[in-house]
Amino acid sequence: MNARSRVEVLLELADDELILGWRDSEWTGIAPLLEEDVAFSSIAQNEIGHARALYELAARELGSDADALAFDRAPDEYRCAPLVELRRLEWARTIARHWLYETADEIRLAVLKASDDPEVAGLAAKIDREEAYHRMHAEMWIDRLLATEEGTTRLREAIDELWPYALGVLDGELRLQLVERVRGRLPFDLPEVEPVTRGQHTEELRELWDEMTEVRRSAPTGAQW
Amino acid sequence: MIWEVFRQERKGQPFQHAGSVEAPDFRFAEIYGREQYGRRGESEALWLVPREHLSVVEGWADEFDLKYRRVDGYSIKARLKEARERAESR
């Protein structure tokens with residue numbers, strides 16, 4: 001992570017959280033259980049709140065503002081990992097992506113919490129205190145899925161499909177940590193695949209961007225809300 | 001499985017019934033309880049109780065109007081009026 005500038009690191013994390021928050025919010029009103037409807041919507045709000053705080057920190061350095069960073073860039077300028085872009089309105093895949101992301105995010109936040117930069121370290125610690133509940137939520141689902149044959153099969157199918165994307169959330173030594181953790185948690189083997197790394201984007205991001213920035217683009221530049 | 005949720009708003013205050021969540025075990029109930037009854041800072045603590053673990057008591061017999069045993073006692077307004085009318089008619 002040293003090779004990247006502070007702003008780049010902040011934007012990677014912010015874009016991941018914004019786009020994942022957006023995707024999670026797609027369950028609002030249609031989740032398979034009322035309780036999960038509430039929980040997933042709440043997680044989505046948290047992620048977008050994290051994105052906002054990270055954008056604000058980056059914006060101070062760039063002389064910009066959080067809304068401009070969130071909505072005024074072209075789709076190719078976003079630094080999010082393809083994992084968070086995928087539109088996966090299927091519960092097992094949603095849970096698998098949620099868990100894979102939270103597992104990777106914990107590794108990345110641990111590094112940022114130890115940063116020499118007090119603003120970055122402070123914000124990472126604050127974010128991590130909320131992510132702890134997301135991890136509890138994700139972990140309980142993994143245990144529940146692994147408790148039955150059907151659950152294990154569905155989780156395995158989802159992980160097989162998402163694993164190349166999950167690998168792309170982190171790189172270098174942190175990616176190895178992710179592999180270790182995921183391997184240690186699952187009773188089945190992971191596929192041998194090449195990572196779908198950050199820097200490339202799926203077509204699904206473009207569609208999401210159209211929707212996400214529609215209101216902002218419809219208003220004249222500098223409109224006050 | 002239904003879990004009844006009791007919510008304490010501030011330290012020292014009594015827990016009051018707030019609603020319920022459906023969850024297969026305590027781990028799920030805890031997460032759902034946190035999300036639905038605590039994330040806006042509205043609770044100091046929650047009690048989560050499986051509905052089947054609550055012992056329900058209901059049905060009360062009061063066949064002989066033994067109101068004097070209750071703290072609110074008799075309503076004396078009507079009796080007082082009767083007594084006054086009796087006194088005046090004498």
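The values are calculated or read from the model by the stated rules, or taken from the named source; none is laboratory data. Predicted, not measured: the structure shown is a model, and the values here were computed from it. Every residue, glycine among them, receives a Cβ derived from its backbone with ideal geometry; neighbour counts consider all protein chains shown.
Assuming A:Glu35 fulfils every condition listed in (1) touching a residue at least 40 places away in the same chain (Cβ under 8 Å); (2) of a type outside the set (Lys, Arg); (3) touching a strand residue (DSSP E or B) at 6+ places or on another chain (Cβ under 6 Å) apart from one, which condition is it?
Here A:Glu35 meets the rest and fails (1).
Pairs under 6 Å by beta carbon, first residue charged (D, E, K, R) in region B:44-62, partner in a loop (DSSP other than H, G, I, E, B), six or more apart or different chains?
B:Glu44/B:Arg10; B:Glu44/B:Lys11
Only one of these is of a type in the set (D, E, K, R), over 23 Å from A:Tyr133 (Cα atoms) and modelled with pLDDT of 90 or more: B:Arg70, B:Arg86, B:Arg90, B:Arg34. Name it. Full working, then the answer.
Numbers: B:Arg70 fails: modelled with pLDDT of 90 or more; B:Arg90 fails: modelled with pLDDT of 90 or more; B:Arg34 fails: over 23 Å from A:Tyr133 (Cα atoms).
Residue meeting the stated conditions: B:Arg86.
Which ranges mark the helices (runs of 4 or more DSSP H) fully within region A:130-216 that have 1 or more residues being farther than 21 Å from A:Trp22 by Cβ, within 14 Å of chain B (Cβ to nearest Cβ) and without any contact (Cβ under 8 Å) to a residue 60 or more places away in the chain? Before you say what the answer is, go through the steps one by one.
Details: elements: A:149-167, A:172-185, A:203-212.
Per the criteria, A:149-167.
Looking only at region A:11-30, which residues are within 14 Å of chain B (Cβ to nearest Cβ) and touching a residue at least 40 places away in the same chain (Cβ under 8 Å)?
Quick first cut of region A:11-30, residues within 14 Å of chain B (Cβ to nearest Cβ) only: A:24, A:27-28.
Those that are within 14 Å of chain B (Cβ to nearest Cβ) and touching a residue at least 40 places away in the same chain (Cβ under 8 Å): A:Asp24, A:Trp27.
Just to check your reading of the model, which residue among B:Gly41, B:Gly19, B:Gly33 is of a type outside the set (Ser, Thr, Tyr), exposed (fewer than 10 other Cβ atoms within 10 Å of the Cβ) and within 14 Å of chain A (Cβ to nearest Cβ)?
Details: B:Gly19 fails: exposed (fewer than 10 other Cβ atoms within 10 Å of the Cβ); B:Gly33 fails: exposed (fewer than 10 other Cβ atoms within 10 Å of the Cβ).
Only one candidate passes the filter, namely B:Gly41.
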